[in-house]
Amino acid sequence: MDRQDFPEFYRKNVQRIYRFLYYRVGGNKELAQDLAQDAFLKAYEAFDRYDPSRSESSWMYTIARNHLINYLAKMRPSVDLEEIENTLWDRDDWAVKAELSFDETRMLEAVKKLPSDDADLLRKKYLEGWSYEDIANAIGKTEGALRVQAHRALKQLRKILKHR
Amino acid sequence: MVEWILGRKLNKIGQRSNPDRKFVHALEKKILGRMATPSRMARLLRVATGSIASTIMLCAGTGAYAYTSDVVLPTHPLYSVRQAIEKTEDVLAFTPEKKADVRLRHARRRLHERFLLEIHERPVTVEQVDQFVKTMDGVMEANGKLNEEQRKKYDDLAEKLESTYVSSFANERDTAKSPQEQKKSDSLMESQEAAFQQHVDRLEGERKEKYQGVLRRLEQRRALREGRSAVEENSHTEKE
């Protein structure tokens with residue numbers, strides 16, 4: 001891809017990537033900004049090697065995710081990379097930093113209780129702002145299947161909230 | 001219906017985690033700045049390429065100057081550059097006719113250099129004559145490899161060059177002024193004629209005879225002049 005096209009690419013993906021990072025660094029805005037900046041600058045350097053046949057979102061998501069894991073691994077050098085990845089959503093303090101209301105906090109806690117695939121889908125779709133098309137490209141499912149899965153996940157979420 | 005509301009609430013939470021507009025614009029500006037500025041490697045490459053290109057152009061420019069300028073004469077610092085270029089030209093002349101052509105051109109340049117030295121009243125050294133002789137030997141060698149028709153053409157051109165060069169011996173003598181200058185000039189001329197004699201010895205037939213005759217006449221004139229000078233010196237001494 002021509003680097004001249006990068007600004008357009010940036011505008012399409014900045015919000016999504018920032019949100020992805022934001023939720024994984026406990027709602028720390030400054031850190032999310034730093035990581036997002038680094039991720040996009042890395043993407044810019046690699047943009048001429050980017051294969052347009054591959055989904056833009058998943059390519060950028062991979063760069064951001066790898067950058068985040070490298071950052072967290074530096075912060076916790078004794079911890080396994082896989083463990084870092086698995087615990088990205090387990091921070092307890094991010095709700096406070098994100099200035100959520102009580103109900104909102106309750107909702108997000110309920111999302112955590114969903115099966116991991118469903119929780120991941122709801123986070124990507126609603127919290128991080130991915131489109132069904134981008135999610136489909138990233139995880140290899142069809143859009144239709146994802147819509148059905150999201151609907152079922154929300155139904156399950158309602159049940160969890162009702163019972164709390 | 002309720003699921004839809006839940007989705008909207010989650011959306012609202014998500015939007016609260018949008019990046020600041022200020023941050024988004026600042027990062028975009030940074031990216032655009034990087035687009036305008038080449039990468040460090042590209043900058044280094046650009047500097048290196050520029051340096052190499054400048055060096056090549058400087059060398060090419062220097063070479064062109066050394067090759068064509070009338071200022072570059074024997075004893076000039078760039079004269080060796082001219083000689084190197086001429087050597088290269090000779091090597092790159094692959095056909096016999098091309099080689100004869102190139103060597104004749106070099107001989108013409110030696111002649112031209114002699115004229116320029118005379119114009120600027122600078123001494124024509126024996127080395128300069130040697131160079132002409134060497135170049136003419138090269139011309140003869142190249143001419144020897146041509147067919148009969150071509151050889152005649154190039155031999156005629158070589159002969160014209162030789163005649164002009166020899167006539168410059170006489171011209172130089174004529175421009176001398178005082179007896180002391182004349183004596184100095186004669187001594188130098190004798191050396192030059194000896195150097196030219198080496199070339200004449202390698203010639204054949206009418207051409208050899210012609211230059212032998214010229215050199216003999218020059219020697220006689222010099223002897224005559226030396227005799228006259230000796231008489232003038234003696235009369236001067238007597239007067240004192």
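The values are calculated or read from the model by the stated rules, or taken from the named source; none is laboratory data. Owing to the predicted nature of the structure, the values given are computational and were not obtained by experimental measurement. All Cβ positions, even for glycine, are placed from backbone atoms using ideal geometry, and neighbour counts span all protein chains on display. With ligands, DNA and RNA removed, areas are computed over all heavy atoms of the protein, side chains included. Shrake-Rupley method; radii C 1.70, N 1.55, O 1.52, S 1.80 Å.
Structure notes:
- Only one of the numbered conditions (1) in a helix (DSSP H, G or I); (2) open to solvent by less than 50 Å² (accessible area, probe 1.4 Å) is violated by B:Arg217, and that is (2).
- B:Leu45 fulfils the conditions (1) open to solvent by 30 Å² or more (accessible area, probe 1.4 Å); (2) under 20 Å from the mean Cα position of the chain (by Cα) except for a single criterion, (2).
- Of all residues in segment B:1-20, exactly one satisfies the criterion of being closer than 27 Å to A:Glu30 by Cα, in a helix (DSSP H, G or I) and of a type in the set (Gly, Ala, Ser), namely B:Gly14.
- None of B:Glu172, B:Glu141 is at pLDDT 75 or above and on the phi < 0 side of the Ramachandran plot except B:Glu141.
- Yes/no for A:Leu127 being within 10 Å of chain B (Cβ to nearest Cβ) and aliphatic (A, V, I, L, M): yes
- Answer from B:Gly33, B:Gly50 - the residue that is at pLDDT 80 or above, over 30 Å from A:Leu157 (Cβ atoms), small (Gly, Ala, Ser) and loosely packed, with under 11 Cβ neighbours inside 10 Å: B:Gly33
- Per this entry, A:Asn86 is counted among residues that are among the polar types (S, T, N, Q), open to solvent by 20 Å² or more (accessible area, probe 1.4 Å) and modelled with pLDDT under 80.
- You will find that of B:Asp101, B:Asp70, B:Asp90, the residue that is charged (D, E, K, R), open to solvent by less than 100 Å² (accessible area, probe 1.4 Å) and modelled with pLDDT under 85 is B:Asp70 and no other.
- B:Asn147 open to solvent by 80 Å² or more (accessible area, probe 1.4 Å) and among the polar types (S, T, N, Q): yes
- Test: B:Val124 is assigned to a loop (DSSP other than H, G, I, E, B), more than 24 Å from B:Glu149 (Cα to Cα) and either open to solvent by less than 70 Å² (accessible area, probe 1.4 Å) or acidic (Asp, Glu) (or both): yes
- Selection status of A:Lys155, more than 10 Å from every other protein chain (Cβ to nearest Cβ), open to solvent by 70 Å² or more (accessible area, probe 1.4 Å), over 22 Å from A:Arg16 (Cα atoms) and part of a helix (DSSP H, G or I): no
- Scan of segment A:118-152 for residues that are surrounded by fewer than 16 Cβ atoms within 10 Å (Cβ to Cβ), at pLDDT 90 or above and part of a helix (DSSP H, G or I), ordered by number: A:Glu143, A:Gly144, A:Ala145, A:Arg147, A:Val148, A:His151, A:Arg152
- Cβ-Cβ distances below 6 Å connect the following pairs, each with a first residue in segment B:1-24 that is facing chain A (nearest Cβ under 7 Å) and more than 15 Å from A:Tyr126 (Cα to Cα), a second residue that is hydroxyl-bearing (Ser, Thr, Tyr) and surrounded by 17 or more Cβ atoms within 10 Å (Cβ to Cβ), and a separation of six or more residues or different chains: B:Pro19/A:Tyr18.
- Among the residues making up segment A:25-35, a single one is of a type in the set (S, T, N, Q) and more than 8 Å from chain B (Cβ to nearest Cβ): A:Asn28.
- Residue tally, condition outside any helix (DSSP H, G or I) and in contact with a helix residue (DSSP H, G or I) (Cβ under 6 Å, 6 or more places away or on another chain), over segment B:127-153: 2
Yes or no, residue by residue, for (1) modelled with pLDDT of 80 or more; (2) over 25 Å from A:Lys74 (Cβ atoms); (3) away from every other protein chain (no Cβ under 11 Å); (4) open to solvent by 30 Å² or more (accessible area, probe 1.4 Å):
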{"position": "A:Met1", "(1), (2), (3), (4)": "no, yes, yes, yes"}
{"position": "A:Gln37", "(1), (2), (3), (4)": "yes, no, no, yes"}
{"position": "A:Asp48", "(1), (2), (3), (4)": "yes, yes, no, yes"}
{"position": "A:Tyr61", "(1), (2), (3), (4)": "yes, no, yes, yes"}
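- Restricting attention to segment A:5-24, the residues being open to solvent by less than 10 Å² (accessible area, probe 1.4 Å) and more than 7 Å from every other protein chain (Cβ to nearest Cβ) number 5.
- Residue check: B:Tyr154 meets all listed conditions (1) more than 22 Å from the chain's Cα centre (by Cα); (2) buried (at least 18 other Cβ atoms within 10 Å of the Cβ); (3) without any contact (Cβ under 8 Å) to a residue 40 or more places away in the chain but one, namely (3).
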